[in-house]
Amino acid sequence: MNVRHYLQYALAMALAYGAVLLLPLFVDYAFDTNTEVMTVVWLNIGLGVMQFKRIPFPTPDRHRIDVGGGLKVLWWALFWPSYLRRR
C-alpha cells in the first residue's frame, strides 16, 4: 500500500464522517444542544471497539475515494454495544 491509497482511504473516511455529522450540526444549531459532541464520542468509541474486538467490518476501497464504504464503516460503528455481548 502506498501513500496515495492511504490518502484516498483517509479522505473517504473524512468525507463520510463529515456527512454523518451534518445532521447533528443542524440539530445543535436549531435547538442549542450538544448532540454533535455526543455523536463524535459515540462513533469514536464504536471505531475503537471494532478495532479492539477485531470485528470483520467492511472497509472503503483503497483504490478510489469510496465515501459509501466509509459510511458503511460508520454504520457498523453505530451499533458498537452489540459487539460487547458474549455470543
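Overview of results
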item	result
Condition check for residue 76: open to solvent by 90 Å² or more (accessible area, probe 1.4 Å) and out of contact with any Cys (no Cβ under 8 Å at 6 or more places or on another chain)	no
Test: residue in the range 29-39 that is open to solvent by less than 80 Å² (accessible area, probe 1.4 Å), in a loop (DSSP other than H, G, I, E, B) and modelled with pLDDT under 95	yes
From 13, 50, residue being out of contact with any Phe, Trp or Tyr (no Cβ under 9 Å at 6 or more places or on another chain) and modelled with pLDDT of 90 or more	13
Cross-chain or 6+ apart pairs with Cβ under 7 Å, the range 10-21 first and under 15 Å from residue 58 (Cα atoms), then open to solvent by 40 Å² or more (accessible area, probe 1.4 Å)	12/65; 12/67; 16/67; 16/71
Candidates 56, 81 - the one that is surrounded by 11 or more Cβ atoms within 10 Å (Cβ to Cβ), farther than 15 Å from residue 20 by Cα and modelled with pLDDT under 95	81
Residue in the range 40-50 that is part of a loop (DSSP other than H, G, I, E, B), open to solvent by 80 Å² or more (accessible area, probe 1.4 Å) and more than 27 Å from residue 4 (Cβ to Cβ) present	no
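The values are calculated or read from the model by the stated rules, or taken from the named source; none is laboratory data. For clarity, every value in this text was computed on a predicted model and none was experimentally measured. Here Cβ is always computed from backbone atoms with ideal geometry, including for glycine, and neighbour counts include all displayed protein chains. Side chains included, ligands, DNA and RNA excluded: accessible areas come from the protein's heavy atoms. Shrake-Rupley method; radii C 1.70, N 1.55, O 1.52, S 1.80 Å.
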